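Here the structure is laid out as structure tokens; the discussion comes afterwards.
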Amino acid sequence: MNSFLESANCSLTTEYGNFTLHGFRDKRSGLEHAALSLGELSTTKPVLTRLHSECLTGDVFHSLHCDCGEQLQAALELIEAEGCGVLLYLRQEGRGIGLLNKIRAYKLQQKGADTVDANRMLGLPDDARDYGVAAEMLASLGVTNVRLMTNNPAKIKGLMEHGIRVEERMPLEVARQARNAAYLDTKAARMGHLVASVEVTSTQSATSSNSTTDLLDPR
Ligand SMILES: [Zn+2]
């Protein structure tokens, strides 16, 4: 076990299956994170994996502003269907800026700013998330090779920089709706997310492919 991580686990029966719930406390940040695992996490075969960053509004309140809650549900359903996999629930609310700053950014978005500009108007980074602790959590679960469910190249890069081999990317897309369309478009156009239903301009074409192989070395 990584000396920076304190952990505990128990079984947790959910509507998606009988998972093992792993709690982790990062002694450096004081943050507590969670992982839900199903089945035997092999160290040789790539494990179906999702990194989910906490989104109180989407995950708990089922806000229609973003796609987080639906992505969380879809990832757990895919793990259940596979019979094996792991979902990390990372406590980095609002792409790492915290709940209050996220609420301030939402207020600006309600006045017309997009999600990137709103953060910048508040003097905050577009995305403050760090995937180092996610890599450490996976390693402590014995997972070194993954098939990652994500549309976000930054997650692939973040894991690979911290020693986790991303063998394959599996797109995780939710239904595009009028309420979340602008948010999905902004994530694709300004943050490099790979969303098939979104048109991107030629300046973003280098990151717009949905092929999996072009992501394995995302430098
Ligand atoms: Zn969200």
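The values are calculated or read from the model by the stated rules, or taken from the named source; none is laboratory data. Bear in mind that the values here come from a model prediction, so they are computed numbers and not experimental data. A quick note on method: Cβ atoms are made from the backbone with ideal geometry, for glycine too, and the neighbour counts reach across all protein chains shown.
For residues in region 90-119 being outside any loop (DSSP other than H, G, I, E, B) and of a type in the set (Gly, Ala, Ser), which is nearest to residue 144 (Cα to Cα)? Outline the logic, then answer.
Going through region 90-119, the residues outside any loop (DSSP other than H, G, I, E, B) turn out to be 90, 93-96, 99-109, 115-119.
From what's left, of a type in the set (Gly, Ala, Ser): 94, 96, 105, 118.
Numbers: 94: 27, 96: 24, 105: 36, 118: 36 Å.
That would be 96.
List the pairs whose first member sits in region 111-140 and is of a type in the set (Asp, Glu), whose second member is assigned to a loop (DSSP other than H, G, I, E, B), and whose Cβ atoms are under 6 Å apart, counting only residues at least 6 apart or on separate chains?
The qualifying pairs are 136/2.
So, in region 48-57, of the ones that are within 16 Å of the ligand (Cβ to nearest atom), of a type in the set (A, V, I, L, M, F, W, C) and crowded, with 17+ Cβ neighbours inside 10 Å, which residue ends up farthest from the chain's Cα centre (by Cα)?
Within region 48-57, the first condition is being within 16 Å of the ligand (Cβ to nearest atom), and the residues that meet it are 50-57.
Then keep just the ones that are of a type in the set (A, V, I, L, M, F, W, C); that gives 51, 55-56.
Retained after the next criterion (residues that are crowded, with 17+ Cβ neighbours inside 10 Å): 51, 55.
Values: 51: 4, 55: 10 Å.
Among residues in region 48-57 that are within 16 Å of the ligand (Cβ to nearest atom), of a type in the set (A, V, I, L, M, F, W, C) and crowded, with 17+ Cβ neighbours inside 10 Å, the one farthest from the chain's Cα centre (by Cα) is 55.
Quick check on my filter: what residues within region 148-204 are modelled with pLDDT of 80 or more and in a loop (DSSP other than H, G, I, E, B)?
Start the filter on region 148-204 by keeping residues that are modelled with pLDDT of 80 or more, which leaves 148-172.
Result: 150, 151, 152, 162, 163, 164, 171, 172.
Residue 101: at pLDDT 90 or above and surrounded by fewer than 18 Cβ atoms within 10 Å (Cβ to Cβ), yes or no?
Working: at pLDDT 90 or above: yes; surrounded by fewer than 18 Cβ atoms within 10 Å (Cβ to Cβ): no.
Criteria not met by residue 101.
Does residue 8 satisfy the criteria of being surrounded by fewer than 16 Cβ atoms within 10 Å (Cβ to Cβ) and either within 21 Å of residue 182 (Cβ to Cβ) or more than 15 Å from the chain's Cα centre (by Cα) (or both)? Working first, answer last.
Working: surrounded by fewer than 16 Cβ atoms within 10 Å (Cβ to Cβ): yes; either within 21 Å of residue 182 (Cβ to Cβ) or more than 15 Å from the chain's Cα centre (by Cα) (or both): yes.
So residue 8 passes the test.
Quick one: count up the residues across region 65-89 that are over 17 Å from residue 173 (Cα atoms), within 14 Å of the ligand (Cβ to nearest atom) and either in contact with a Phe, Trp or Tyr (Cβ under 6 Å, 6 or more places away or on another chain) or part of a helix (DSSP H, G or I) (or both).
The number of residues fulfilling the criteria is 0.
When you go through (1) within 23 Å of residue 125 (Cα to Cα); (2) away from the ligand (no atom under 16 Å from the Cβ); (3) of a type in the set (Lys, Arg) one by one for residue 45, which number turns out not to apply?
Answer for residue 45: the failing condition is (1).
Name the pairs whose Cβ atoms lie under 9 Å apart, with the first residue in region 1-18 and closer than 26 Å to residue 132 by Cα and touching a residue at least 40 places away in the same chain (Cβ under 8 Å), the second β-branched (Val, Ile, Thr) and surrounded by 10 or more Cβ atoms within 10 Å (Cβ to Cβ), and 6 or more positions between them or separate chains?
Pairs that qualify, where the first residue is closer than 26 Å to residue 132 by Cα and touching a residue at least 40 places away in the same chain (Cβ under 8 Å) and the partner is β-branched (Val, Ile, Thr) and surrounded by 10 or more Cβ atoms within 10 Å (Cβ to Cβ), are 4/133; 5/133.
Could you figure out which of (1) within 16 Å of the ligand (Cβ to nearest atom); (2) surrounded by 13 or more Cβ atoms within 10 Å (Cβ to Cβ); (3) farther than 14 Å from residue 135 by Cα; (4) not acidic (Asp, Glu) isn't true of residue 29?
It fails just one condition, (1).
Yes/no matrix, rows are residues, columns are (1) within 12 Å of the ligand (Cβ to nearest atom); (2) over 20 Å from residue 188 (Cβ atoms); (3) not small (Gly, Ala, Ser):
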{"site": "59", "(1), (2), (3)": "yes, yes, yes"}
{"site": "63", "(1), (2), (3)": "yes, no, no"}
{"site": "91", "(1), (2), (3)": "no, yes, yes"}
{"site": "105", "(1), (2), (3)": "yes, no, no"}
{"site": "112", "(1), (2), (3)": "no, no, no"}
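May I ask you to list the residues in region 11-26 that are of a type in the set (Gly, Ala, Ser) and surrounded by 12 or more Cβ atoms within 10 Å (Cβ to Cβ)?
Scanning region 11-26 gives 17, 23.
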